[in-house]
Each structure stands twice: as structure tokens, then as C-alpha cells.
Amino acid sequence: MSDLYEKVKDDLFRFAKSIARHEQEAHDLIQDAMVKSLNEPQLLGLPEYKQRAWFFRVMKNRLIDDRRKEQRLTQWEDDFDFSIQEAGSSHLEITELLAHLPQELSDLIFKRYWLGLSSQEIGEQLKIPASTVRYKLHLAIKRLRKILEEEK
């Protein structure tokens, strides 16, 4: 398998770099393709041009899957997006409103809406899944809206 990698590594890197956003993403695509190739013993019996084509297809499909997943997550986050204007006009009012929430939820709201972090980034910081972050944000926003309703 290492011989195969040595034969095609330059072509793989050139292709991955041409379709990826940055060099690290290109390296990730190559690594994923190499891992998948370990489960494909018939790959070694193919001509070199078919081996390259197989790697290109695997990398392209992985990139498409990643982009679609990213798009779904972004759309999902936008569905429950919370407008600061809903909460109040001044920072003091917003701070008072956030004080009604448990510290954990208040921190999530702060990171998402003031720092502009995505659920993925927050999850990486807190070492929890992004889906858990989105769920907790959803709960926090629900509570904030309920508090705003009661104040009216």
C-alpha cells in the first residue's frame, strides 16, 4: 500500500489542493482516501490510472459530503436564530435578561451571538458535540422568549 501511495501522492495532493478550501482540508481528504483504500484490496490490482481515478472520486465525494453536512448545519442553526433586537435595545437590558438563565446557557448565548462562534466551534471549545450545543442554544432561546413574553 505504501508503494501505491508513493506512486500517486503528488497527483493526489495537487487534486486535493485544487478542490479544497485550504491545505489542511486537502491533507484531510488525502488521509481519508488512504484509510478507505485499506479496505479495498482489489485496488492494488488496477492499472495506475484507475487507482488515481478511484482516489480522486473518493476525495471528491468526501468533500461533497462535508459541504452538504456543513450546509445542513448552517441552515438548521439559522432556523432558530435569535435576534438581539428581540431581547432589548441596550446591553444592560440584554445582560439582565441573560441573568435569568443558568450560567451554562448564558455562556452559550454569549459565545454564539456576541462572539459569533458556530455550534461546531463552541462544541470544540467545550468538548461536547455540536448537536448538544445546538440543543442547549434552542432551550436557552426558548427560555429567553418566554421571559420576554412574560415581561410584556
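Each value in this text was obtained by applying a stated rule to the coordinates, not by laboratory testing. All values derive from a computational prediction rather than experimental measurement. Ideal geometry is used to build each Cβ from the backbone, glycine not excepted, and the neighbour counts take in all protein chains shown.
For the stretch 104-152, how big is Rg over Rh, using alpha carbon atoms and the Kirkwood form of Rh? Before the final figure, lay out each step's value.
Details: Rg = 11.4 Å, Rh = 11.0 Å.
In the stretch 104-152, Rg relative to Rh is 1.04.
Which entries of 60/136; 36/111; 36/127; 9/136 show an alpha-carbon separation above 32 angstrom in the structure shown? Please list the in-between numbers first.
Numbers: 60/136 34 Å; 36/111 36 Å; 36/127 27 Å; 9/136 43 Å.
Long pairs (Cα-Cα over 32 Å): 60/136; 36/111; 9/136.
Working out 0.36 nm times the residue gap between residue 139 and residue 40, then minus their Cα-Cα distance, what length gain in nm do you get to one decimal?
Working: separation 99, 0.36 × 99 = 35.64 nm, distance 4.46 nm.
Value of the extension gain: 31.2 nm.
Ranking 2, 118 by Cβ neighbours within 10 Å, fewest first, what do you get? All intermediate terms of the calculation are to be shown ahead of the outcome.
Numbers: 2 7, 118 17.
Final ranking by Cβ density, sparse to dense: 2, 118.
For the stretch 1-54, just the Cα set please: Rg and Dmax, both in angstrom.
Spelled out, the Cα radius of gyration and Dmax of the stretch 1-54 are 11.0, 32 Å.
Under the 0.36 nm per residue contour assumption, what length would be gained going from the current alpha-carbon distance of residue 127 and residue 25 to full extension? Intermediate results must be reported in sequence, preceding the final value.
Details: separation 102, 0.36 × 102 = 36.72 nm, distance 2.12 nm.
Here the answer is 34.6 nm.
Using the Cα centre as the reference, give the magnitude of the dipole from point charges on the C-beta atoms of the chain (Lys, Arg: +1; Asp, Glu: -1; all else neutral), rounded to the nearest 20 debye. Don't skip to the answer; put the middle values down first.
On the way: 25 positive and 27 negative charges, 113 e Å.
It comes to approximately 540 debye.
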